[in-house]
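Colleague: Mind looking over this structure? Questions follow.
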Amino acid sequence: MPSASSTQDAQRQHELVVVANRLPVDSRTLPDGATEWVTSPGGLVTAMESVMRTVDSGAWVGWGGTAGEAPEPFEADGMSLYPVRLDQEDVERYYEGFSNATLWPLYHDVIVDPEFHRTWWDSYLSANRRFAEAAAPVAAPGGTIWVHDYQLQLVPQMIRAKRSDVRIGFFNHIPFPSVELFSQLPKRNSILRGLLGADLLGFQRESDSLNFVSAVRRLLGYHVEGMTIFVPGLGASPVREVQVQTFPISIDSAAVSALTEDPQIRERAAQLRRDLGDPAKIVLGVDRLDYTKGIRHRLKAWGELLDDGLIDPHDAVMIQVATPSRERVEAYRQLRDEVELTVGRINGEHAPIGRPAVSYQHHSFDRRDMTAMFMAADVVLVTALRDGMNLVAKEYVASRPDLHGVLVLSEFAGAADELRAAVMVNPHDIDELKAAILRSLAMPAEEQEEAMRSLRHQVMEHDVQTWAHNFLQQLEESGDPEPAVTPTIHLTGETPSEAGEVETALTAFAEVPRLLIASDFDGVIAPIVSDRDAVQPDAAALTALRELSELPGVAVALVSGRALADLDSHTRMPSSVVLVGSHGAEVGALPPWMQAEVLDQSSLTMTEQKEELLASITATLRRIARAHPGTEVETKPTAAVLHTRNAKGRGSINATESALEYAMTLPDVTVTPGKEVVEFAVVPTSKGAAVDTLARASAADAWLYLGDDVTDESVFAQLGDRDLGLKVGGGDTAARLRIADTEAVRGVLQRLLELRGQRR
Ligand code: ADP
Ligand code: G6P
């Protein structure tokens, strides 16, 4: 069990951040209320834990295995662990539901029927977001984030949206299904797009990599060359290259092999044989109790061999170690019942007095006990019906430096690609499986040695350290990440700036010869109300703006997310106040002295070319809408919007897909997918760009901006030395001053009017 200690300074940044559903340790609450940490189950943790032990200052972001509050970040075995909270509902819907009752069976060739529920998907989405939010801040600038496995397929894209400066890798520990099976998955394209947020995607087998690439080609229609996928950028963003490569995972082979030298472990192996009544042969199966592992098939074969009298239970004993797994998922419950029933039946019919025909262990063992079992086993049965890799097969080989023992290996386990010298079986064919068991039990020592030598060569040469090194090196070589664009936050919290500080800034600003005074509308000039149409702007603030606009050397603008006509009807400003609507995409009537300059700024205004582009976009979207009844197209002066909320059946998804596919052909268009809506804007829609253009058009020496919303940060982000940004209300901001509310806004505008008026 790893030693864990909580740490004050765990929240720092790391060169390598691993993100997986589970932390390497699971928390358990002891009867006295204290927390105990035990190693988590499964191959992912076995492999990555040993990799992370060799990394300096690595971090691991994951779930601690218990629903509810997550513990604070802590250090364990030289690694910083960042627990992610999953509530009971997340556990049921994201983990047991979408991950383990939808994706797991689907990706393992539908051995059991995958179930799908829309609430599970919603939870998968929000849980993935939580992992991404936990991982993004802990990576150092230019660092590497390595996301693992099917539970977190949306995380690469989510991290990319937050951290374009880091390298993002993704490794899938389980198979990736054929495109025919994958196509059954609702939300399949979102999953593909989520994964394609990575720079490098790793899979266990060549067939998994090929399946993924053909799913991308077939379902997203992206251009593919060999194993490179060209991901088109939305709007004006450039195409990104994503590499797909096969990296068969492995184990810490030398460490496992070294354990076999330990006299205590050797003694345990000998003791184990004595405890079982000194049988001539021990046959071993070690698995999580999972329907993919073929435990039922194995027991059936063993039971039939005993029934047929081909195996004498006095000579041969089977040990089945079955780690409890996902016990609240129905298919796992059923499996456990069946396995336990079958073991009971076999023992009832065949076990000699005082010892079992099948020794069934439904719990975890520590690594040393596990090695002792492998050392005692004459045959190990790996009969998976489908398995990403299967590390048990490799652990058995690493545990046999004595070159004794036989590995029976399913051709459906990833390990079958590498461990060619094993006795290969198709576990679905019970007769073949029975024959393979008999052959293994009877295999002469020299034949065992020959096979084991070849297997060991493979496993000892290709260990998990080499695997991780190859993956990370390839990731290093793929696509250069962009430098971090972290906006500077000048103020946090809620507290307004000192009145004196605001007064000093206003006084200095009023002295500047040519000014632009611009303000957001909702939340600044008018208090926020729930019914947008019932908005009540502050009459005195509007008056101050109007009067300011009449002063020489002062330009005034209102910049809003509202449509221009809407803004106009609520403010009724004279033409000396410029109105800018739709986040900067619509500009109202301009004073004559500004016009020429703004019209030159083709980014802000419609040109003939943009009109044509918009007409053609509108026509295409209407065609898409006609093909998907219930969807409709809204036209705005500078944008066309496809609304899919009222579409029938899969219409919403299909229409959105078609629209996004089309978007990729439009490099100069800003495409913003929203909830059941996709907006295509032919002019850039940032308030920052609008204020920038207005400042230039009014030849302002400095500008002042008042804003309350995140969209206003695009303006504050470009504040120059003489400019003045005033954030209204609480929240992080790049503005240097904060004022409380609309009333304070009125105060600022009236004070400016006074100061500037005095200057005349
Ligand atoms: P999966 O990842 O699907 O669980 P693998 O065979 O790849 O399958 O990895 C399983 C890992 O869990 C191996 O490292 C194996 O030794 C370990 N393991 C399996 N059963 C037990 C158990 N009862 N006690 C301890 N470790 C176990
Ligand atoms: C497999 C999966 C892992 C998972 C492990 C244990 O190895 O690839 O992602 O962690 O099984 O399953 P659990 O659901 O208990 O995490």
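The values are calculated or read from the model by the stated rules, or taken from the named source; none is laboratory data. These numbers were taken from a predicted model, which means no experiment stands behind them. As a convention, Cβ positions derive from the backbone with ideal geometry for all residues, glycine included, and neighbour counts pool all protein chains shown. To get the accessible areas, we keep the full protein, side chains included, count just its heavy atoms, and leave off ligands, DNA and RNA. Shrake-Rupley method; radii C 1.70, N 1.55, O 1.52, S 1.80 Å.
Colleague: Filter the cross-link list Lys300/Lys394; Lys687/Lys727; Lys281/Lys434 down to pairs whose alpha-carbon distance in this structure exceeds 21 Å.
Modeller: Over 21 Å Cα-Cα: Lys300/Lys394.
Colleague: Would you compute, from DSSP H runs of 4+ residues alone, the mean residue ellipticity of the chain at 222 nm, taking -39500 (n - 2.57) per run and dividing by the full residue count, rounded to the nearest 500?
Modeller: Mean residue ellipticity at 222 nm (helix-derived): -11500 deg cm²/dmol.
Colleague: Compute the projected area of the convex hull of the Cα atoms of the range 172-216, averaged over all viewing directions, and report it in nm² to one decimal place.
Modeller: If I average the Cα hull's projected area over directions, I get 2.9 nm².
Colleague: Here is a further query. Check each of the GluC sites (Glu not before Pro) in the range 320-401 and keep only those in coil by DSSP with at most 15 other C-beta atoms within 10 angstrom; list them in order. Let's see the in-between values first.
Modeller: Details: sites: Glu327, Glu330, Glu338, Glu340, Glu349, Glu395; in loops: Glu327.
Qualifying residues, ordered by number: Glu327.
Colleague: Do any trypsin sites (Lys or Arg not before Pro) in the range 610-706 lie in a DSSP loop with no more than 15 other beta carbon atoms within 10 Å, and if so, which? Could you put the intermediate results ahead of the total?
Modeller: Numbers: sites: Lys610, Arg622, Arg623, Arg626, Arg645, Lys648, Arg650, Lys675, Lys687, Arg696; in loops: Arg645, Lys648, Arg650, Lys675.
When the trypsin sites (Lys or Arg not before Pro) of the range 610-706 are filtered for loop state and at most 15 Cβ neighbours within 10 Å, Arg645, Lys648, Arg650, Lys675 remain.
Colleague: Additional query: How are the C-alpha pair distances of the range 647-748 spread across 10 Å bins, as whole percents from the shortest bin up?
Modeller: That works out to 13, 31, 25, 19, 11, 1, in percent per bin.
Colleague: Same structure, new question: Mind checking the per residue accessible area of the chain for me, 1.4 Å probe, whole number of Å²? List each step's numbers first, then the result.
Modeller: Values: 31520 Å² over 760 residues.
Here the per-residue accessible area is 41 Å².
Colleague: Taking N as the number of residues in the chain, what value does Rg over Cα atoms divided by 2.2 N^0.38 Å take?
Modeller: After normalising by residue count via 2.2 N^0.38 Å, the value is 1.19.
Colleague: Rounded to the nearest 5, what % of DSSP beta bridges with both residues in the chain are antiparallel?
Modeller: Antiparallel: roughly 35 percent of the beta bridges in the chain.
Colleague: Over 23 Å between Cα atoms, which of Lys162/Lys636; Lys187/Lys610; Lys187/Lys648 qualify? Please list the in-between numbers first.
Modeller: On the way: Lys162/Lys636 30 Å; Lys187/Lys610 34 Å; Lys187/Lys648 16 Å.
Those over the limit are Lys162/Lys636; Lys187/Lys610.
Colleague: Evaluate the distance, in nm, between pseudo-label points positioned 7 Å from the Cα of Glu450 and of Asp668 along their respective Cα→Cβ axes.
Modeller: 7.2 nm
Colleague: State, as an integer percentage, the relative contact order of the chain based on alpha-carbon contacts under 8 Å between residues 6 or more apart.
Modeller: Relative contact order comes out at 10 percent.
Colleague: Amide H to amide H, which residues 5 or more places from Gly143 or on other chains are under 5 Å from it, using H placed in the peptide plane?
Modeller: Excluding prolines and chain starts, which carry no amide H, the hits are Arg167.
Colleague: From the phi angles alone, apply the Karplus equation (6.51, -1.76, 1.60; θ = phi - 60°) to the range 431-443 and give each ³J(HN,Hα) in whole Hz, x where the residue is Gly or Pro.
Modeller: Working through the residues one at a time gives 5, 5, 5, 4, 5, 5, 5, 4, 4, 5, 5, 9, 5 Hz.
Colleague: While we're here: Which residue, chosen from Gly747, Ala690, Leu706, occupies the Cα position most advanced towards the positive end of the dipole of the range 676-756, where the dipole is computed from +1 (Lys, Arg) and -1 (Asp, Glu) charges on Cβ about the Cα centre?
Modeller: Gly747
Colleague: Give a quick list of GluC sites (Glu not before Pro) in the range 192-270 that DSSP marks as loop, anything other than H, G, I, E or B, with at most 10 other Cβ atoms within 10 Å.
Modeller: In loop regions of the range 192-270 (DSSP not H, G, I, E or B), the sparsely surrounded GluC sites (Glu not before Pro) are Glu261.
Colleague: Give, rounded to the nearest 20 debye, the magnitude of the charge dipole that the chain has about its Cα centre when Lys and Arg contribute +1 at Cβ and Asp and Glu contribute -1 at Cβ.
Modeller: 1100 debye
Colleague: Quick one: with all protein chains in place, what share of the accessible area of the range 411-514 is carbon or sulfur, to the nearest percent (1.4 Å probe)?
Modeller: Taking all protein chains in place, the range 411-514 shows 51 percent carbon and sulfur surface.
Colleague: A further question on this structure: Using 0.36 nm per residue, how much length does the chain from Ala565 to Thr543 gain when fully extended, once their Cα-Cα distance is taken away? Present the calculation step by step, with values, prior to reporting the outcome.
Modeller: Working: separation 22, 0.36 × 22 = 7.92 nm, distance 1.98 nm.
Gain on extension, Ala565 to Thr543, equals 5.9 nm.
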